[in-house]
Amino acid sequence: MNAPVKTQPHHHDVLRIGLRVPEWSKYGDAIIRGILQFVREYNLTWHMDIPVYSDHELEPVNIDDSWQGDGLIVFRCSEDEHAAWKKRGIQIINLSAETRIPSLPNVLPDNEEIGKVAADYLISRGLNHFCYVGDSTRHYSNLRQNGFQKELERRGRSCFTVDVPISQTKGKQRWKEIQQRMKDQLVNTTKPIGILTRDDMAAMNLLKVAEQMNIQVPQDWAVVGVGDSSPFCQSARPPITSIHYPNERIGYQAAKLMHQMITAQAPGQDIMLPVGGITERESSNMLSFKDDSIAKAVSYIHKHAAKGPVNIADLSAQFGMSYTGFRQRFKKIMGHTAKEEIDNVRMNQIRSMLANSELHIQEIGYQMNFQTPEDLSRFFQRHQGMSPTAYRALLK
């Protein structure tokens, strides 16, 4: 999709755009930041209606089926709302996997990729048993579970599922029922085990369950959440490892798509955004290997491969093994080669730097000790199926 042409605003360019996004966990704030970034970059004049709770200090803004304006960016809507808005010629974009209306364009993260990233990460911890804690009534949760299971199966592993349908829990103390349902399904869990939860709130509840069951995290349960929400992840005990959710990029791409839909008066196409990596914290910071030498080798790779290539011959000598013996032993324990482990660490670092910095490709290559920027580009293309420049463009 081509970038819109930057233009100076005119009086008749003022558009009324409604934003209905949740306020919980700073999710909505990040989306709004992404939208505002696009509006500023392209000199657009948008009058924005944003419902905000102010305890009656501000005039209330309501976005319901009677709302009037030019465009709406919403996190979920009903079919009746969608029909009413479309009847008035309002352009609409949805930001939730739970709203599935055929003619409604969506801007969403790649939820299956979230599951794949988690599987890759937990396998790299040396784990052989895996679990997904989800909610079968939520489409996004099922997509994450599917990505998790498919990658584990591709790597010769399997997992079981703990299903906690949140909509079936009621009352002001529903968290007690949620935790009890988790506990009932995890009582005979094989340890150690790698666990992906549907989101960070589920990870918070899982840590409470672990405490009640005298389970050690991460030694017995290595826990990974989704969302990388600071209020949840950093206040938890232990702090939660979490996969980034591309909130700001979702907002930016939604605003870009809205501009194109209004300008062209044409229906929009779905946009699926890659995730930006994983933030490791204490809830999963462990290695589980029966082979102490391989455990140390994996730890060395994770510490050094992001900064430069790791020589396998040197690594095998460091741990007192022949080159061939080390390679065979590593693959037997890990299920993949040492080179694949090194490449995976380097790819994760490149993705993170492309997503979370403005560094030029040449500078990224320099920091990671690629001989030339072209070497980095070829390496990335081989593993990602696209150039670093194209990948970064997807993230904007």
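State, as an integer percentage, the relative contact order of the chain based on alpha-carbon contacts under 8 Å between residues 6 or more apart. Mind dumping the intermediate values first?
Values: 655 pairs, mean separation 59.0, N = 396.
That works out to 15 percent.
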**Report entry** Choice from GLU113, GLU248, GLU23 with maximal GNM fluctuation in the chain (Cα, 10 Å cutoff)
**Finding:** GLU23
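GLN68 to LYS331: extension gain in nm, 0.36 nm per residue of separation minus the Cα-Cα distance? Let's see the in-between values first.
Numbers: separation 263, 0.36 × 263 = 94.68 nm, distance 6.10 nm.
Gain on extension, GLN68 to LYS331, equals 88.6 nm.
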Report summary line: For segment 111-245, shape from the Cα gyration tensor axes a ≥ b ≥ c, cut at a/c of 1.5 then a/b versus b/c, turns out rounded
Report task. Using a/c under 1.5 as the rounded threshold, could you call the chain rounded, prolate or oblate? The axes a ≥ b ≥ c are square roots of the C-alpha gyration tensor eigenvalues, and prolate needs a/b larger than b/c, oblate otherwise. Result -> oblate
Report task. Averaging over all projection directions, find the projected area of the Cα convex hull of segment 292-395 and quote it in nm² with one decimal place. Result -> 6.7 nm²
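Order 227-235, 249-257, 48-56 from most to least packed using the mean count of other Cβ atoms within 10 Å. Show your work: numbers first, answer last.
Working: 227-235: 17.8, 249-257: 25.1, 48-56: 11.8.
The most tightly packed comes first, giving 249-257, 227-235, 48-56.
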Query raised in the report: Listing THR197, THR99, THR45 from the residue with the fewest other Cβ atoms within 10 Å to the one with the most, what is the order?
Result: THR45, THR99, THR197
Report summary line: Between the alpha carbon centres of segment 107-135 and segment 324-357 the gap in Å comes to 16 Å
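Suppose R0 equals 22 Å. What FRET efficiency, 1/(1 + (r/R0)^6) with r the Cβ-Cβ distance, do ALA393 and GLN37 give to the nearest 0.05? Walk me through the numbers on the way to the answer.
Values: r = 15 Å, r/R0 = 0.68.
For ALA393 and GLN37, the calculated efficiency is 0.90.
Out of all DSSP beta bridges with both ends in the chain, state the antiparallel percent to the nearest 5.
Numbers: 2 of 35 bridges.
Around 5 percent antiparallel, to the nearest 5.
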Query raised in the report: Under the classification rounded if a/c is under 1.5, otherwise prolate if a/b is larger than b/c and oblate if not, where does segment 252-301 fall, given a ≥ b ≥ c as square roots of the Cα gyration tensor eigenvalues?
Result: prolate
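In the neighborhood of ARG154, defined by Cβ-to-Cβ distances under 15 Å, what is the net charge if each Lys or Arg adds +1 and each Asp or Glu adds -1?
Details: positive: LYS116, LYS150, ARG155, ARG157; negative: GLU112, GLU113, ASP120, GLU151, GLU153, GLU340.
Combined, the nearby Lys, Arg, Asp and Glu give -2.
For ASP314 and HIS56 in one chain, what is 0.36 nm times their gap in residues minus the Cα-Cα distance, to one decimal in nm? It would help to have the intermediate numbers written out before the result.
On the way: separation 258, 0.36 × 258 = 92.88 nm, distance 6.71 nm.
Full extension of this stretch gives 86.2 nm more.
Can you tell me how much longer the chain between ILE101 and ASP375 gets when fully stretched, taken as 0.36 nm per residue apart minus their C-alpha distance, in nm with one decimal?
Values: separation 274, 0.36 × 274 = 98.64 nm, distance 4.38 nm.
Computed gain between ILE101 and ASP375 is 94.3 nm.
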Query - Virtual spin-label span in nm between GLN212 and TRP175, 7 Å along Cα→Cβ - result: 1.2 nm
Query raised in the report: Modelled label-to-label distance, THR324 and LYS339, 7 Å Cα→beta-carbon offset: nm?
Result: 1.7 nm
Query raised in the report: Which far-off residues, 5 or more places away or on another chain, put their amide H under 5 Å from the one on VAL162, with H placed in the peptide plane?
Result: TYR132, VAL133, GLY134
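Would you compute, from DSSP H runs of 4+ residues alone, the mean residue ellipticity of the chain at 222 nm, taking -39500 (n - 2.57) per run and dividing by the full residue count, rounded to the nearest 500? Walk me through the intermediate numbers first.
On the way: 15 runs with 180 residues, N = 396.
Taken over the chain, the calculation gives -14000 deg cm²/dmol.
No value in this document is a laboratory result; all are computed from the given coordinates. For clarity, every value in this text was computed on a predicted model and none was experimentally measured. Cβ: placed from backbone, ideal geometry, glycine included. Neighbour counts: every protein chain shown.
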